[in-house]
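Asker: One structure, pasted below without further comment.
Bear in mind that the values in this text are calculations on the coordinates, not laboratory data. Small disclaimer: the values here were computed from a predicted structure and weren't measured. With ideal geometry, Cβ positions are generated from the backbone for all residues, glycine too; neighbour counts draw on all protein chains shown.
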Amino acid sequence: MGALFWTMATAIFSILEIVIPGLVTIWLALAALMLTAISFFIKNPNIEFVIFTVLSIVFVIFTRPVLKKYLEDKKTNFSSKMVGQELKVEKVVDLESPKKVYEVKFKGVIWKGVSSEIFREGEIVKIEDFEGNKIILEKIKK
């Protein structure tokens, strides 16, 4: 198969990991990258493929769970403590849909906020809940 084949496989698996995130094809890319280096010493394509398969399986089984847990720990975990916090509506994005869309600043980052209520730019609202990566907004009751 040779170094050129494994270099192309590395590139393809790397691009697939970017397009389809899931921490699977990155391990295939890493195994292909290692094969790029050792393919100069091995001239049998069957042995190269067996080494690629073994390396891929080892990487997926032993390193994927560790890295996945590490990445999940780094994500912002929304908790019930955040419900009720006040935010400022930075921008009105869409008032036509049933769920109005806004941009709000939360923890120093612009987030997408949605609500069935209509708000103006600059208005202070509060967090009702979280839905995926969106913040559900509600009016502050006085």
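Asker: Report, in debye and to the nearest 20, how large the dipole of the stretch 2-74 comes out about its Cα centre when Lys and Arg carry +1 and Asp and Glu carry -1 on their Cβ. Let's see the in-between values first.
Answerer: Details: 5 positive and 4 negative charges, 16 e Å.
The calculation lands at about 80 debye.
Asker: Would you list the membrane-span-like helices of the chain, meaning whole DSSP H runs whose alpha-carbon atoms span at least 24 Å along their axis and whose mean Kyte-Doolittle value is at least 0.0? Write out the running numbers ahead of the final one.
Answerer: On the way: long enough: 2-19 (26 Å, 1.73).
Helices passing the filter in the chain: 2-19.
Asker: Shifting gears a bit: So for the chain, what are the equivalent ellipsoid semi-axes in whole Å, largest first, each being the square root of 5 times an eigenvalue of the Cα gyration tensor?
Answerer: Details: eigenvalues 494, 49, 20 Å².
That gives 50, 16, 10 Å for the three semi-axes.
Asker: Right, here's the next one. Let's see if you can work this out: charge +1 on each Lys and Arg Cβ, -1 on each Asp and Glu Cβ, no other charges. What is the dipole magnitude of the chain about its Cα centre, in debye to the nearest 20?
Answerer: Working: 20 positive and 16 negative charges, 76 e Å.
Here the size comes out at about 360 debye.
Asker: Let me ask you something else. How large is the dipole of the stretch 80-139 about the Cα centre if only Lys and Arg carry +1 and Asp and Glu carry -1, each at its Cβ, rounded to the nearest 20 debye? Intermediate values should be presented prior to the final figure.
Answerer: Values: 12 positive and 12 negative charges, 42 e Å.
Dipole about the Cα centre, nearest 20: 200 debye.
Asker: Mind checking which of Phe49, Ile118, Leu4 is farthest towards the positive end of the chain's charge dipole, using Cβ charges of +1 (Lys, Arg) and -1 (Asp, Glu) about the Cα centre?
Answerer: The Cα lying farthest towards the positive end belongs to Ile118.
Asker: Got a sec? How would Val50, Val19, Val24, Val104 order by Cβ neighbour count within 10 Å, fewest to most? Walk me through the numbers on the way to the answer.
Answerer: Details: Val50 11, Val19 8, Val24 16, Val104 21.
Ordered by Cβ neighbours within 10 Å, fewest first: Val19, Val50, Val24, Val104.
Asker: Just to check I understand the Karplus step: with θ = phi - 60° and J = 6.51 cos²θ - 1.76 cosθ + 1.60, what whole-Hz values come out for the stretch 101-110, glycine and proline as x?
Answerer: 10, 9, 10, 10, 9, 9, 6, x, 10, 6
Asker: Place the peptides 125-135, 89-99 in order of packing, highest mean first, counting for every residue the other Cβ atoms within 10 Å and averaging per peptide.
Answerer: Values: 125-135: 15.5, 89-99: 11.9.
Averaged packing, sorted descending, gives the order 125-135, 89-99.
Asker: Based on C-alpha coordinates, I'd like the Rg and Dmax of the stretch 24-63, in Å.
Answerer: Using the Cα atoms of the stretch 24-63, the pair Rg, Dmax is 9.9, 29 Å.
Asker: Jot down the per residue volume, in cubic angstrom and as a whole number, of the convex hull over the alpha-carbon atoms of the stretch 2-74.
Answerer: On the way: hull volume 5.5 nm³, N = 73.
Enclosed volume per residue, from the Cα hull, is 75 Å³.
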